[in-house]
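The values are calculated or read from the model by the stated rules, or taken from the named source; none is laboratory data. Remember, it's a predicted structure, so these values are computed and weren't measured experimentally. Cβ: placed from backbone, ideal geometry, glycine included. Neighbour counts: every protein chain shown. Accessible surface areas use protein heavy atoms only, side chains included; no ligands, DNA or RNA. Shrake-Rupley method; radii C 1.70, N 1.55, O 1.52, S 1.80 Å.
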Amino acid sequence: MTQTQKTSPEAALHQPVMLEETVQALRIKADSWYVDGTFGRGGHTRKILELGGKVIAIDHDQEAIEYGQIHFQKEVDEGRLRLIRANFAQLENTLTEQFSNKTTIAGILFDFGTSVDQLTNQERGFSFTGNGPLDMRMDDRLGVTAAQLLAVLNEEQLTEAFKTYGGEESARAIAKAIVSTRTKKPIQSTQELVKVVERVKRHRGKLHPATKVFQALRIVVNSELESIAQVLPAALRQLSPGGALVCIAFHEGEDRLVKQFFKVASEKSLGSAMELQKPTSTETSLNPRARSAKLRVFYKSEEPNN
Ligand SMILES: C[S@@+](CC[C@H](N)C(=O)[O-])C[C@H]1O[C@@H](n2cnc3c(N)ncnc32)[C@H](O)[C@@H]1O
């Protein structure tokens, strides 16, 4: 059974976040090449194609690529879309492999994090609702699952991960509970982990008590922040003069990296950063996932030497 077949019926529900703002920021020109570094279900890619742009679409999740091959077959056949399974951290290698001569890239988009389809597929272990193996790898070629991390990290390392990547206030207590539980039985399913967290933390407010722990584990399993830190300078190098680098972040760790990188690049006169944009209230009421989105745009200088 392929991963695509395992996808839940909600799979078609991923709504591209800040779609209009994104394509406006990218300033789509017909027949120019754009990179969508986080293809997902191709919501943003589809809009770029509709506006006449051509797209190099990257995703490290085989399921996303299979989805694209089925639902974007026409655009692939027409040569307007190239679908590539890769980590966006390898952007420069990917572009070198795709084009024998250096090609003009008019805009690059990153819509970070996971897609709704990844979250709702219980087999993938991203979600604290439902039950499934504690996997959390977006790229199943990666070596270490969340269950394996929970088995080997010590109390100190778990505490640090929950604090740094989840902002979890009860990080130490949860780490202790994990270490004590696993001496009796390994924690292998999402619900086993939820139960451990719930022993330490009560439901308060809207946020599920396991939200931050799940977020932290996912970020560590997929080395998410390392990939972002690696790709931002590479993306700026690959953009043509005047090109747009558009990033949509969903939590503080992602946004801090983008904001800091754009600030330093502006100080070096490599281009200019635009004002932070947030989704409209209409969008957040229709798509609650958009609530935490922060969109930042950097326009590379027109000066070819920068
Ligand atoms: C929020 S979704 C993108 C949704 C997409 N914009 C759409 O409208 O359908 C993020 C996607 O980026 C992919 N992704 C996350 N980190 C990645 C990385 N380092 N390299 C390649 N793809 C990545 C995930 O697998 C996921 O499919």
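Per-structure values
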| read-out | value |
| --- | --- |
| Modelled FRET efficiency - R0 22 Å, Gln15 with Gln62, Cβ distances, 0.05 increments | 0.50 |
| √(5λ) per eigenvalue of the Cα gyration tensor, the range 209-306, largest first, Å | 27, 18, 10 |
| Probe 1.4 Å, accessible area per residue of the chain, Å² | 48 |
| Gain upon complete extension [Gln260, Glu302; 0.36 nm per residue less C-alpha separation] | 13.0 nm |
| Within the range 28-114, GluC sites (Glu not before Pro) in DSSP loop having at most 11 other beta-carbon neighbours inside 10 Å | Glu78 |
| Using alpha-carbon coordinates, inclination of helix 155-166 to the longest axis of the chain, degrees | 40 |
| Computed label-point distance, nm, for sites Thr164 and Asp139 using a 7 Å Cα→Cβ extension | 2.0 |
| Contour excess over end-to-end distance, with Cα ends at Ser269 and Ala229 and 0.36 nm allotted per residue | 12.5 nm |
| Size descriptor, Kirkwood hydrodynamic radius, that averages inverse alpha-carbon separations across the range 89-146, Å | 14.1 |
| Full-stretch length increase - Val76, Asn93 - with 0.36 nm per residue and alpha-carbon distance subtracted | 4.1 nm |
| The range 26-125 - Rg (one decimal) and Dmax (whole number), Cα, Å | 13.2, 43 |
| Within straight-line cross-link reach of Lys206, lysines at Cα separation under 29 Å, skipping those fewer than 8 residues along the same chain | Lys163, Lys176, Lys195, Lys259, Lys278, Lys294 |
| Within the chain, helix-based [θ] at 222 nm, where runs of 4 or more DSSP H residues each add -39,500 (n - 2.57), nearest 500 | -13000 deg cm²/dmol |
| For the range 255-294, convex hull volume per residue from C-alpha positions, Å³ | 61 |
| Relative counts (whole %) of C-alpha pair distances in the range 127-176, using bins that are 5 Å wide | 4, 19, 21, 25, 22, 7, 1 |
| Relative contact order, percent, the range 143-212 [alpha-carbon distance under 8 Å, six or more residues apart] | 30 |
| Protein accessible area in the chain, 1.4 Å probe - carbon and sulfur % | 50 |
| Inter-label distance for Glu50 and Lys206, nm, one decimal - labels placed 7 Å from Cα along Cα-to-Cβ | 2.8 |
| Relative contact order for the chain, counting Cα pairs under 8 Å that sit 6 or more residues apart, in percent | 18 |
| Cα convex hull of the chain - mean projected area over all directions, nm² | 16.5 |
